Structures are given as C-alpha cells and as structure tokens.
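The values are calculated or read from the model by the stated rules, or taken from the named source; none is laboratory data. Because the structure is a prediction, the values reported are computed rather than measured. Backbone-built Cβ (ideal geometry, glycine too); neighbour counts: all protein chains shown. These accessible areas exclude ligands, DNA and RNA; they are computed on the full protein's heavy atoms, side chains included. Shrake-Rupley method; radii C 1.70, N 1.55, O 1.52, S 1.80 Å.
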Amino acid sequence: MATRTRLGQFAITELFLALATSLPEFFVGITAALKQTPALSLGNVLGANIANLSLVIGGGALIGGTIFVQGNLLGRDILYTLLTGSAPLILLLDKNLSRVDGLILLFLYGFYQVNIFRGREKNKVEVENEGFVQRLLRRLNHRSAKREIGWIFLGVAILLFSADMIVRFSVSLATLLNVPVLLVGLILISIGTTLPELVFGIEAVKQHQPGMVLGNLLGSIVANATLIIGTVALICPVEVVAFDEYLLATLTFFVVFGSFYLFTSSKRRLDRWEGAVLIIFYFLFAFAEFFRS
C-alpha cells in the first residue's frame, strides 16, 4: 500500500496498522464505558502509551537490533504526537473528561491525520485511469478477499468477547485486591493490549523497516490518547477523584517520551542499550505504582 500510494511506510503504518494494533484498547475501552467503568479505559490508555514508549520500542531495539530514524520524523511528526498524546492529561486537570472533551480529542485525531498525510501528499502519484480507492474496492469484491473479510469479522467478534471478559475480570480483581480499577488498567491490562505492537515492532526491526516501527509506535500513541479515550468519554464521561491516581503515570509518560526523543535525536537511532534503559523505566514505573497503592 505504501508503494502504490507513494505516501511512505510511516504514514500508511501510522494510520492503518496503528488502528489495527490498537483494537484491543478500543474494545476494552468501549466495553468499560458501557459498563460504567471508564476509569479502567483511562488507565489502559495511559499504561499502553507508556508501554509503547518503553516496552514496545525498547523491546524492538533490544531483541531486533538498532532502530534507525529516517527522514524528518523527529521534527513535526513527533511534536504532533507529543501534543496529542498529552491532550487527555491536560483535559483531566479539572478531574473530569466530559463528552465535550471527548469531541475535542476526536477532532485532534482528525487534525493529526490530516497534517501527517498533507506533508506526504506531494509524493502521491496517480496510477493509470484508476485511483487507489477504486482499486481497493475492486479487489475487495474478489472471492478470496470476501473470505478474508469473513475472518476479520470473526476476529472482531472474538475481540469483543475477550474485552467483555477482561473488563469483568479487572473489576473483580480490583475489588479483591482493594486497589483502584485505574491501576489494574494502568499495569495489567495495558501490558496485554500492547502485545500486538511489540510483536510487530520486533518483526519490523528484524526486516529493517524502521519507518513501520516508528509509524506504528507514534500512531498507536495518538489513537489511544485521542480516538479511543475520546470515544469512551462520549459514551461515559470519565471522573477522577484525586490527581494522585494518575499523577505518577502522567510524569512517567513525559519522562519516557523525553528519553525516547533524546536517544533518537542525538544519533538518529535507538541502540540496544538505550532500549534496555527504556524497559527499565517501565519496570520502575510498575513497581512504584504497586508500592504506592
């Protein structure tokens, strides 16, 4: 798709694959909102974004090898990611993420996508007499494509069932351990829902596709912080009783994001030892959260 549209691996991966690997967070969020426990989704989103910037990208570098940064990624793209990734944290300063806030987050997601693709639109070329959308629709009508679509719907059904079970289990576990449901989503669920990003990141690094690694990483952060939590807030507004419930997670997000930026901007690559440092940051965060509660 990146080759045919000439939009580049980063832009295509940042949109399509980031949405695909964020489906676990999305379905958990929708289920949690419908069950009137949106704090679980908030914890999942915050924890998943921290895990993406530490476990996922750090694990990709540690297992797959050095990740090289190409193009102008460290300029506009990463700035937009930081702004959109921190948006729900800023909106939560009044201890409430209302439906209006949810609309703002959804608008930010659209704004981010438009700006990412606008910067790469000049590289797009027309293909003889048939646009990309027409080719896509024609191929979806093929018999084999219809079979694959059937498998997709089956996978979505399984995700919905799994999300319902995860939310039920998480609420019960929080009650049993006498800890906030936010903490369960922040640590336990976020690790599970970021496994797709981790597996893809390791494979992409091994195949020397850094644009896909970073596109999926930054795209997942944006989707989690805007599209997913914005949708959750529209269904069921999020209320936080005290700032200290998510203060440590907020500080950790900015520290890990800053460390990732410093590591990659200094040499335009992320080495194995730097990936290990990011992973250590995550475990320190997890231990601090459990110790605090």
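Brief remarks follow.
- Condition met for Phe285 (open to solvent by 10 Å² or more (accessible area, probe 1.4 Å) and farther than 25 Å from Leu106 by Cα): no
- So Ala223, is it open to solvent by less than 40 Å² (accessible area, probe 1.4 Å), in a helix (DSSP H, G or I) and more than 21 Å from Ala51 (Cβ to Cβ): no
- Flag if Leu218 is part of a helix (DSSP H, G or I), surrounded by fewer than 19 Cβ atoms within 10 Å (Cβ to Cβ) and at pLDDT 80 or above: no
- Selection of region 207-238 for residues being touching a Pro at 6+ places or on another chain (Cβ under 7 Å) and within 26 Å of Leu270 (Cβ to Cβ) yields only Ala225.
- Only one of Pro237, Pro180 that is under 17 Å from Leu92 (Cβ atoms), open to solvent by 10 Å² or more (accessible area, probe 1.4 Å) and modelled with pLDDT of 85 or more: Pro237
- Test: residue in region 261-273 that is outside any loop (DSSP other than H, G, I, E, B) and within 21 Å of Ile187 (Cβ to Cβ): no
- Only residues that are modelled with pLDDT under 90 and open to solvent by less than 10 Å² (accessible area, probe 1.4 Å) were counted across region 247-259, and they come to 1.
- Leu34 vs. criteria buried (at least 17 other Cβ atoms within 10 Å of the Cβ) and either within 27 Å of Ala233 (Cα to Cα) or modelled with pLDDT under 85 (or both): no
- Complete set of residues in region 196-215 that are part of a helix (DSSP H, G or I), open to solvent by 20 Å² or more (accessible area, probe 1.4 Å), touching a residue at least 12 places away in the same chain (Cβ under 8 Å) and over 15 Å from Asp77 (Cα atoms): Pro196, Leu198, Phe200, Ile202, Glu203, Lys206
- Test: residue in region 137-153 that is open to solvent by 30 Å² or more (accessible area, probe 1.4 Å), part of a helix (DSSP H, G or I) and modelled with pLDDT of 75 or more: no
- Residue check for Ile104: assigned to a helix (DSSP H, G or I), open to solvent by 50 Å² or more (accessible area, probe 1.4 Å) and modelled with pLDDT under 80: no
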